[in-house]
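This is the structure, below, for whatever I ask next.
The values are calculated or read from the model by the stated rules, or taken from the named source; none is laboratory data. Remember, predicted model here, so these are calculated numbers, not experimental data. As a convention, Cβ positions derive from the backbone with ideal geometry for all residues, glycine included, and neighbour counts pool all protein chains shown. To get the accessible areas, we keep the full protein, side chains included, count just its heavy atoms, and leave off ligands, DNA and RNA. Shrake-Rupley method; radii C 1.70, N 1.55, O 1.52, S 1.80 Å.
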Amino acid sequence: MKARKIEIKYEIHSIGELGAEDRKLVDAAIEATQRSYAPYSHFHVGAAALLENDVIVTGTNQENVAYPSGLCAERTALFYANSQYPYVPVKALAIVGISEVNGMNRTPLSPCGACRQVMLETENRFATPMRVLLCGKEEVYIVESAKDLLPFAFDNY
Ligand code: THU
């Protein structure tokens, strides 16, 4: 029997100690939550993607009365970015969640599995690591690559 261990590194920052570029991206994600459509969950998610050409593209969760037809904020942002700029890598993605009941997530918002798979695809198609900023009220977790969030990702090789 063999065993292996997978480790990931993530940084823990307070919002106040973020650099200017990261702060701008986090603010864009927070601002984007205002454009979320979440009449069912009342949980507003914002994602902001920083492209290599320094354009910031935002996305929000878009819910639907037929629940599975909705889409998460991260995929909305990345699909839009990749549709508008199919040759421009995405350098970073910030994600925040704001509940109508409890306000901003206390702990950093962790993306769902399907969004992780799409984040990884974006990273791979441009062969450029995508930093991911998971935002909470008190702390922001930063991983240097979407790969870190999805060990044993599906691939068809
Ligand atoms: N949601 C996201 O936008 N991103 C995620 O990574 C997980 C969940 C949305 C889906 C739904 O509109 C709401 O959050 C509550 O689950």
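Can you show me the helix-derived [θ] at 222 nm for the chain, built from DSSP H runs with n ≥ 4 at -39,500 (n - 2.57) apiece and divided by the number of residues, rounded to the nearest 500. Please report the intermediate quantities before stating the final value.
Values: 3 runs with 39 residues, N = 157.
After summing the helix terms and dividing by residue count, I get -8000 deg cm²/dmol.
Tally up the carbon and sulfur contribution to the accessible surface of the range 11-149 as a whole percent, 1.4 Å probe, everything protein left in place. Intermediate values should be presented prior to the final figure.
Working: 3500 of 6640 Å².
Of all accessible area on the range 11-149, carbon and sulfur atoms account for 53 percent.
In addition: In the range 1-86, which trypsin sites (Lys or Arg not before Pro) are in a loop and have at most 16 other Cβ atoms within 10 Å, using DSSP for the loop call? Numbers along the way, then the final one.
Details: sites: 2, 4, 5, 9, 23, 24, 35, 75; in loops: 2, 4, 5, 9.
Answer by residue number: 2, 4, 5, 9.
Roughly what would the spin-label model give for residue 85 and residue 99, points 7 Å off Cα along C-beta, in nm?
Between residue 85 and residue 99, the label points sit 3.4 nm apart.
Can you pull the percent of Cα pairs in the range 11-149 with separation above 23 Å?
On the way: 2479 of 9591 pairs.
In whole percent, the long-distance tail amounts to 26.
Which of the lysines could be linked to residue 24 by a straight reach, that is with a Cα gap under 22 Å, when you skip same-chain ones fewer than 8 residues away?
Reachable lysines: 91, 137.
Rounded to the nearest 10 Å², what accessible area does residue 72 show when all protein chains are kept and the probe is 1.4 Å?
Solvent-accessible area, nearest 10 Å²: 40 Å².
Each label point is 7 Å from the Cα along the Cα-to-Cβ direction; what then is the distance between the points at residue 154 and residue 21, in nm?
3.3
Counting only GluC sites (Glu not before Pro) that are in a DSSP loop and have at most 11 other C-beta atoms within 10 Å, tell me the longest site-free stretch of the chain.
Working: sites that count: 7, 100.
Maximal segment without exposed cleavage sites: 8-99.
Another question, if that's okay. All other residues with a Cβ under 14 Å from the Cβ of residue 146 taken together, and with Lys, Arg as +1 and Asp, Glu as -1, what is their net charge? Mind showing how you got there, number by number?
Working: positive: 9, 75, 91, 116, 125, 131, 147; negative: 74, 121, 123, 144, 148, 155.
Spelling it out: positives minus negatives among the neighbours equals +1.
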